[in-house]
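Novice: Got a structure for you, questions after.
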Amino acid sequence: MARMNALKGIALQIGATFIFTIMAAMVRIVSERIPTGEVVFARSFFALFPLLALLTLRNEISAAVRTANPLGHVLRGIIGVIAMSLSFSALAFLPLADATAIGFTAPLITVALAAVMLGERVQLYRWAAVAVGLGGVVVMLWPHMNGGFETRESAIGATCALVGAFCTAGAMVQVRRLTASETTAAIVFYFQSLAAVAGLATAAWGWVLPGWGDAVLLVAIGLFGGVGQILLTESYRFAPASVVAPFNYSAMLWSLLLGFLLFGEIPPLLVVAGALIVIGAGLFVILRERRPNRAREEDAAAGPPGGPAT
């Protein structure tokens with residue numbers, strides 16, 4: 001068991017969100033030319049290399065492949081692949097900051113789904129945070145509307161981002177179920193493997209042969225995703241979830257910065273305001289529950305809370 005080191009945990013969490021945001025930016029670049037299924041395959045397959053390297057270094061390969069609930073992994077894989085595909089699709093139609101901000105609703109939606117699907121007791125302040133967070137989503141979407149959505153692309157992107165956030169929340173609920181019998185290594189390994197297989201299956205619907213530039217980006221997307229996953233998991237080894245999880249929201253800062261530098265995007269003030277409302281609601285829930293919770297830590301370690309970093 002690693003010794004607690006809050007500063008190290010926070011640094012790893014910030015590093016993970018930065019790497020995931022770079023990955024999202026690369027997804028946005030290649031999505032103009034590469035089918036989503038092909039991107040999902042690259043994200044999942046090449047992420048296995050750093051993951052397997054770490055598991056080998058720690059002699060945890062046997063723990064990663066051992067499972068008492070294979071069907072549970074399949075269900076988590078199906079929901080997670082849908083969430084990833086929708087998140088990547090949203091990046092093709094929405095500015096980077098907008099897609100990232102809408103993805104932040106996933107942890108709040110998880111609260112509601114956990115109450116319905118797992119029978120978890122949800123206190124009033126959590127429901128209030130969910131309501132406020134969903135109000136923030138309306139504020140974020142408002143600039144894309146003009147008596148309806150301004151463009152077909154905005155409608156597609158916003159729909160993909162919202163449905164993707166719901167699917168991400170569903171995947172996290174399934175992760176909570178899996179933590180009852182499965183290790184974090186197994187949850188991550190089986191998801192990446194199943195997602196790679198699912199992405200590969202879409203080749204039947206027509207992949208494209210990427211040029212050298214896109215091929216490098218596809219490999220980098222997977223490697224960055226794998227390294228980001230490792231940093232995210234490691235952050236929870238050095239500090240409680242209540243300490244490091246709030247720093248996941250630094251992804252909003254990175255997405256604003258990269259969106260401006262790479263794509264010249266300046267989000268409307270309402271998008272920023274809505275994102276701050278969602279972030280505030282999420283932080284309220286996290287900070288309201290300062291007591292460490294093992295299940296919540298494993299949830300976070302098994303996957304990012306939301307957004308295109310899925």
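Novice: Do any helices (runs of 4 or more DSSP H) lying entirely in region 184-295 carry at least 3 residues that are among the β-branched types (Val, Ile, Thr) and modelled with pLDDT under 90, and which ones are they?
Specialist: Where helices (runs of 4 or more DSSP H) fall fully within region 184-295 and carry at least 3 residues being among the β-branched types (Val, Ile, Thr) and modelled with pLDDT under 90, they are 269-288.
Novice: Among the residues that make up region 185-208, is at least one of them open to solvent by 50 Å² or more (accessible area, probe 1.4 Å) and in contact with a His (Cβ under 8 Å, 6 or more places away or on another chain)?
Specialist: So far as region 185-208 goes, yes, one or more of its residues are open to solvent by 50 Å² or more (accessible area, probe 1.4 Å) and in contact with a His (Cβ under 8 Å, 6 or more places away or on another chain).
Novice: Let me ask something else. With (1) under 22 Å from the mean Cα position of the chain (by Cα); (2) closer than 24 Å to Ala92 by Cα as the list, and Val208 as the residue in question, which single condition is left unmet?
Specialist: (1)
Novice: For Leu262, indicate whether it is surrounded by fewer than 24 Cβ atoms within 10 Å (Cβ to Cβ) and under 16 Å from Thr100 (Cα atoms).
Specialist: Yes, satisfied.
Novice: If we keep just the residues of region 127-151 that are on the phi < 0 side of the Ramachandran plot and modelled with pLDDT under 75, which is surrounded by the most Cβ atoms within 10 Å (Cβ to Cβ)?
Specialist: Checking each candidate, the answer is His144.
Novice: Just need a number here: residues in region 91-126 that are of a type in the set (D, E, K, R), open to solvent by 10 Å² or more (accessible area, probe 1.4 Å) and under 16 Å from the mean Cα position of the chain (by Cα).
Specialist: The qualifying residues number 0.
Novice: Give region 166-183 a look and list any residue that's open to solvent by less than 30 Å² (accessible area, probe 1.4 Å) and among the β-branched types (Val, Ile, Thr), or say none.
Specialist: Thr168, Val173, Val175, Thr179, listed by residue number.
Novice: So which of Thr36, Thr21, Thr17 is open to solvent by 20 Å² or more (accessible area, probe 1.4 Å) and not basic (Lys, Arg)?
Specialist: Result of the check over Thr36, Thr21, Thr17: Thr36.
Novice: Can I ask one more? Scanning for something charged (D, E, K, R), under 15 Å from the mean Cα position of the chain (by Cα) and open to solvent by 10 Å² or more (accessible area, probe 1.4 Å), does region 54-69 turn up at least one residue?
Specialist: So far as region 54-69 goes, no, none of its residues is charged (D, E, K, R), under 15 Å from the mean Cα position of the chain (by Cα) and open to solvent by 10 Å² or more (accessible area, probe 1.4 Å).
Novice: Return a yes/no flag: does region 109-126 have any residue that is of a type in the set (Phe, Trp, Tyr), more than 22 Å from Phe20 (Cβ to Cβ) and assigned to a helix (DSSP H, G or I).
Specialist: Within region 109-126 (the criterion being of a type in the set (Phe, Trp, Tyr), more than 22 Å from Phe20 (Cβ to Cβ) and assigned to a helix (DSSP H, G or I)), the answer is yes, since at least one residue qualifies.
The values are calculated or read from the model by the stated rules, or taken from the named source; none is laboratory data. All values derive from a computational prediction rather than experimental measurement. Quick reminder, even Gly has a Cβ in these numbers, built from the backbone with ideal geometry, and neighbours come from all protein chains shown. Ligands, DNA and RNA are excluded from the accessible area calculation, which covers all protein heavy atoms including side chains. Shrake-Rupley method; radii C 1.70, N 1.55, O 1.52, S 1.80 Å.
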